[in-house]
Amino acid sequence: MSLNGVRIGLALTGSFCTYEKVYKEVEKLVNTGAEVTPIFSYNAASIDSRFGKAEEWVMKFEALTGSKSIMTIPEAEPIGPKNMFDILLLAPCTENTTMIQK
(Lines give C-alpha, C1' and ligand atoms only; values in the text may rest on other atoms or scores of the structure.)
Protein backbone atom coordinates (compact mmCIF):
# COMPACT_ATOMS: atom_id res chain seq x y z
CA MET A 1 0.00 0.00 0.00
CA SER A 2 1.36 3.42 -0.92
CA LEU A 3 0.77 6.48 1.22
CA ASN A 4 2.76 8.78 -1.06
CA GLY A 5 1.73 12.36 -0.41
CA VAL A 6 -0.57 11.56 2.53
CA ARG A 7 0.11 14.14 5.24
CA ILE A 8 -0.19 12.76 8.77
CA GLY A 9 0.01 14.77 11.98
CA LEU A 10 1.28 12.46 14.73
CA ALA A 11 0.13 13.78 18.12
CA LEU A 12 2.19 12.14 20.86
CA THR A 13 0.78 12.20 24.38
CA GLY A 14 2.30 11.16 27.70
CA SER A 15 1.98 7.38 27.71
CA PHE A 16 5.72 6.96 27.51
CA CYS A 17 5.70 3.17 27.91
CA THR A 18 4.19 2.82 24.43
CA TYR A 19 6.56 5.12 22.52
CA GLU A 20 8.70 2.29 21.19
CA LYS A 21 5.61 0.59 19.70
CA VAL A 22 4.38 3.90 18.28
CA TYR A 23 7.82 4.51 16.76
CA LYS A 24 7.74 1.16 14.95
CA GLU A 25 4.29 1.90 13.51
CA VAL A 26 5.31 5.38 12.39
CA GLU A 27 8.35 3.84 10.73
CA LYS A 28 5.96 1.72 8.66
CA LEU A 29 3.96 4.81 7.68
CA VAL A 30 7.11 6.66 6.61
CA ASN A 31 8.34 3.63 4.65
CA THR A 32 5.09 3.59 2.66
CA GLY A 33 5.53 7.24 1.67
CA ALA A 34 3.51 9.13 4.27
CA GLU A 35 4.66 12.62 5.23
CA VAL A 36 4.53 12.53 9.03
CA THR A 37 4.88 15.56 11.31
CA PRO A 38 5.33 14.88 15.04
CA ILE A 39 3.19 16.96 17.42
CA PHE A 40 4.21 16.70 21.08
CA SER A 41 2.02 17.64 24.02
CA TYR A 42 3.73 19.73 26.67
CA ASN A 43 4.18 16.68 28.93
CA ALA A 44 5.41 14.46 26.11
CA ALA A 45 8.01 17.07 25.18
CA SER A 46 9.22 17.83 28.69
CA ILE A 47 8.93 14.83 31.03
CA ASP A 48 11.78 12.34 31.27
CA SER A 49 10.72 8.87 32.35
CA ARG A 50 12.20 5.44 32.83
CA PHE A 51 11.28 4.88 29.16
CA GLY A 52 13.60 7.64 27.96
CA LYS A 53 14.38 11.32 27.97
CA ALA A 54 11.81 13.61 26.35
CA GLU A 55 14.40 15.45 24.29
CA GLU A 56 15.73 12.17 22.91
CA TRP A 57 12.24 11.04 21.86
CA VAL A 58 11.65 14.37 20.09
CA MET A 59 14.95 14.01 18.22
CA LYS A 60 14.23 10.36 17.41
CA PHE A 61 10.81 11.10 15.88
CA GLU A 62 12.18 14.11 13.99
CA ALA A 63 15.00 12.01 12.54
CA LEU A 64 12.56 9.28 11.51
CA THR A 65 10.05 11.61 9.88
CA GLY A 66 12.40 14.27 8.56
CA SER A 67 10.02 16.88 10.00
CA LYS A 68 10.45 19.43 12.76
CA SER A 69 8.08 18.76 15.65
CA ILE A 70 5.19 21.00 16.53
CA MET A 71 5.70 21.71 20.24
CA THR A 72 3.58 24.69 21.25
CA ILE A 73 0.01 25.88 20.94
CA PRO A 74 1.01 28.79 18.66
CA GLU A 75 2.84 26.32 16.38
CA ALA A 76 -0.26 24.08 16.34
CA GLU A 77 -2.83 26.82 15.66
CA PRO A 78 -2.43 26.74 11.84
CA ILE A 79 -3.16 22.99 11.64
CA GLY A 80 -6.89 23.42 11.04
CA PRO A 81 -7.08 26.70 9.11
CA LYS A 82 -4.19 25.76 6.82
CA ASN A 83 -5.48 22.21 6.33
CA MET A 84 -2.00 20.93 7.17
CA PHE A 85 -2.85 17.22 7.47
CA ASP A 86 -5.04 14.65 5.78
CA ILE A 87 -5.02 12.53 8.95
CA LEU A 88 -4.42 13.39 12.60
CA LEU A 89 -3.17 10.35 14.51
CA LEU A 90 -3.19 10.40 18.33
CA ALA A 91 -0.75 7.81 19.55
CA PRO A 92 -0.92 6.73 22.21
CA CYS A 93 -4.47 7.82 22.86
CA THR A 94 -4.51 7.92 26.66
CA GLU A 95 -7.45 8.20 29.01
CA ASN A 96 -6.70 11.90 29.52
CA THR A 97 -7.02 12.39 25.77
CA THR A 98 -10.28 10.48 25.49
CA MET A 99 -11.79 12.37 28.44
CA ILE A 100 -11.98 15.42 26.17
CA GLN A 101 -14.65 13.68 24.11
CA LYS A 102 -16.88 12.75 27.06
Top-ranked residue of the stretch 58-70 - restricted to ones that are part of a helix (DSSP H, G or I) and touching a residue at least 40 places away in the same chain (Cβ under 8 Å), ranked as surrounded by the fewest Cβ atoms within 10 Å (Cβ to Cβ): Leu64
All conditions in (1) in contact (Cβ under 8 Å) with a residue 12 or more places away in the chain; (2) touching a helix residue (DSSP H, G or I) at 6+ places or on another chain (Cβ under 9 Å) are true of Glu55 except (1)
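Within the stretch 29-43, can you find the residues that are under 22 Å from Ile87 (Cα atoms) and either at pLDDT below 95 or over 14 Å from the mean Cα position of the chain (by Cα) (or both)?
As a first pass, look at the stretch 29-43 and keep what is under 22 Å from Ile87 (Cα atoms): 29-42.
Within the stretch 29-43, Asn31, Thr32, Gly33, Phe40, Ser41, Tyr42 qualify.
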Which pairs have Cβ atoms under 8 Å, sit 6 or more apart or on different chains, and link a residue in the stretch 18-47 that is free of Cβ contacts under 8 Å to residues at least 24 places away in the same chain to one that is outside any helix (DSSP H, G or I) and of a type in the set (Gly, Ala, Ser)? none
Scan of the stretch 44-65 for residues that are under 16 Å from Glu75 (Cβ atoms) and modelled with pLDDT under 95, ordered by number: Ala44, Ala45, Ser46
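Quick one: count up the residues across the stretch 1-15 that are out of contact with any Phe, Trp or Tyr (no Cβ under 7 Å at 6 or more places or on another chain) and buried (at least 16 other Cβ atoms within 10 Å of the Cβ).
At the first step, the residues of the stretch 1-15 found to be out of contact with any Phe, Trp or Tyr (no Cβ under 7 Å at 6 or more places or on another chain) are 1-6, 10-11, 13-15.
Keeping just the survivors that are buried (at least 16 other Cβ atoms within 10 Å of the Cβ) gives 3, 10-11, 13-15.
Number satisfying all stated conditions: 6.
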Positions within the stretch 16-36 being crowded, with 20+ Cβ neighbours inside 10 Å and either not in a helix (DSSP H, G or I) or not hydrophobic (A, V, I, L, M, F, W, C) (or both), in sequence order: Tyr19, Ala34, Val36
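The values are calculated or read from the model by the stated rules, or taken from the named source; none is laboratory data. Remember, predicted model here, so these are calculated numbers, not experimental data. In this analysis, Cβ positions are derived from the backbone assuming ideal geometry, glycine residues included, and neighbour counts consider all displayed protein chains.
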